[in-house]
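Okay, structure first, notes after.
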Ligand code: NAP
C-alpha cells in the first residue's frame, strides 16, 4: 500500500507490547479489505497522555492491552454497557474526537467456545480471577452456565465469585470438583514456562471441553494432557483472533477476514518463537 495524507492510523496501546500479535493480524486484515489504513504498536506508561494524543492526532481506533484495560475507563467519553459491567475496555473507537470504549474479549471467548460446545446448562470450572476471567465469566453467566470459580488468592477469587454469583473453590481443592467445561485463564503454562500446569490429571475426563486462553504456546501442557484424556480442546489463539475480528468490525463496519487474520497471527507467533 501507499501511505498518503488519507491513510488512517490504528494501533495497540500497552506495556509491554513487543509480543503483541495485533499489528500483524490487523495489518493483514486492512490489506485484505483494501483499506488505506495502518496499525502500529505503541508502548506507553502514560495512559492519560496517550488518550490525549489519540484525540489530537485523529488516530481512528486502538486496541488496549495489559495493564490498561481497566485504567483506561475513566478517560473515555463513553463506555458501552457490556464493557462498563465488566469494568474493562480492550477497544476504543475515535468518533471525531469522542472516544468510545468496548470489550471484544467477551465475544472473542464466546465465539471460540461456541464452535465446540453448546453452553446453556453446562457446568464450568473457571480457573483464574483476573481481567480475562472476568470477561469470560460474564458471558458464561449470560449464557446460563453453572460456574465454579477457582483461584490462587482467596480474596480475588471470592470477589469475582460474588460478582458472578457463583461458588468459589480454592485452587488446592480443584481436584475434588467435576464439570463439563474447564476454562484456564491464568498465565501458568505460558512460554517460556511451558511445562507448568495448575490442573491435576484427575480433573480431566473424556468428553469434557477444555479451553486454555494462553496462545503461546498454541498447545499448552494443559491442552496436551486434556487431549490425551479424550477431552475436546480449544486453544487461546481462537479467542485472540475472534476478539481481533470484532475490533476490526467495530472500526470499519466490514465483515472481518477471519482466515487471513488467523494466518497472520500464527505466522507472527511462529516468527517470534524462531527468533527467541
Ligand atoms: P491478570 O488480570 O493479571 O490475572 C491473572 C490471574 O492468574 C489471577 O487470577 C492470578 O491469581 C492468576 N495467576 C497468576 N499467576 C499464577 C500462578 N503462578 N499460580 C496460580 N494462579 C496464578 O491477567 P489477565 O488479563 O486475566 O490475563 C491472564 C492470561 O490470559 C495472560 O496469559 C494473557 O496473555 C491471557 N489472555 C489471553 C487472551 C486471548 O485472547 N487469548 C485475552 C486476554 C488475556 P491471583 O488472583 O492469585 O493473583
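Read the figures in this text as sums done on the coordinates, not as results from a lab. These numbers come from a predicted model, not from an experiment. Note that each Cβ is placed from the backbone with ideal geometry, even for glycine, and that neighbours are counted across all protein chains shown.
Taking the C-alpha atoms only, the angle from helix 236-252 to the longest principal axis of the chain is near 30 degrees. Segment 107-235 has equivalent-ellipsoid semi-axes of 20, 17, 14 Å, by the square roots of 5 times the alpha carbon gyration tensor eigenvalues, sorted largest first.
Extending 7 Å from Cα along the Cβ direction at residue 196 and again at residue 219 yields two label points whose distance is 2.2 nm.
With a Förster radius of 22 Å applied to the beta-carbon distance between residue 123 and residue 159, the computed FRET efficiency rounds to 0.55.
Rounded to two decimals, what is the ratio between the C-alpha radius of gyration of segment 176-276 and 2.2 N^0.38 Å? If you can, show how the numbers build up before the last one.
Values: Rg = 15.3 Å, N = 101, 2.2 N^0.38 = 12.7 Å.
Here the Cα radius of gyration is 1.20 times the empirical estimate.
As a size descriptor, the averaged projected area of the C-alpha convex hull of segment 67-131 was calculated at 5.6 nm². The angle between the Cα long axis of helix 258-275 and the longest principal axis of the Cα atoms of the chain comes to about 80 degrees, rounded to the nearest 10. Taking only the Cα atoms of segment 219-276, the radius of gyration and Dmax are 14.3, 42 Å. Summary of the geometry: segment 220-276 and segment 55-133, compared by the centres of their Cα atoms, lie 17 Å apart. Remark: relative contact order (segment 44-154) = 20 percent; criterion is Cα-Cα distance under 8 angstrom and separation of 6 or more residues. Projecting the alpha carbon convex hull of segment 1-49 along each direction and taking the average yields 3.9 nm². Beta bridges per DSSP, both residues in segment 95-202: antiparallel share near 10 percent.
Grab the beta carbon distance between residue 115 and residue 255, set R0 = 25 Å, and tell me the FRET efficiency rounded to 0.05. Present the calculation step by step, with values, prior to reporting the outcome.
Working: r = 17 Å, r/R0 = 0.69.
Efficiency computed from Cβ-Cβ geometry: 0.90.
Pairwise inverse Cα distances across segment 1-87, averaged and inverted, put the Kirkwood hydrodynamic radius at 13.9 Å. On C-alpha positions alone, give me the angle between the axis of helix 22-32 and the longest principal axis of the chain, in degrees, nearest 10. Tilt of helix 22-32: around 60 degrees. Calculate log10 I(q)/I(0) of the chain for q = 0.08, 0.15, 0.16 Å⁻¹, where I(q) comes from the Debye formula with a single equal point scatterer on each Cα and nothing for solvent. Listed by q, the Debye log ratios stand at -0.33, -1.14, -1.27. When every Cα-Cα distance of segment 1-154 is counted in 10 angstrom steps from zero, the calculated P(r) takes the values 10, 34, 33, 18, 4, 0 percent.
In the chain, what % of DSSP beta bridges are antiparallel (nearest 5)?
Working: 8 of 40 bridges.
Of the beta bridges lying entirely in the chain, close to 20 percent run antiparallel.
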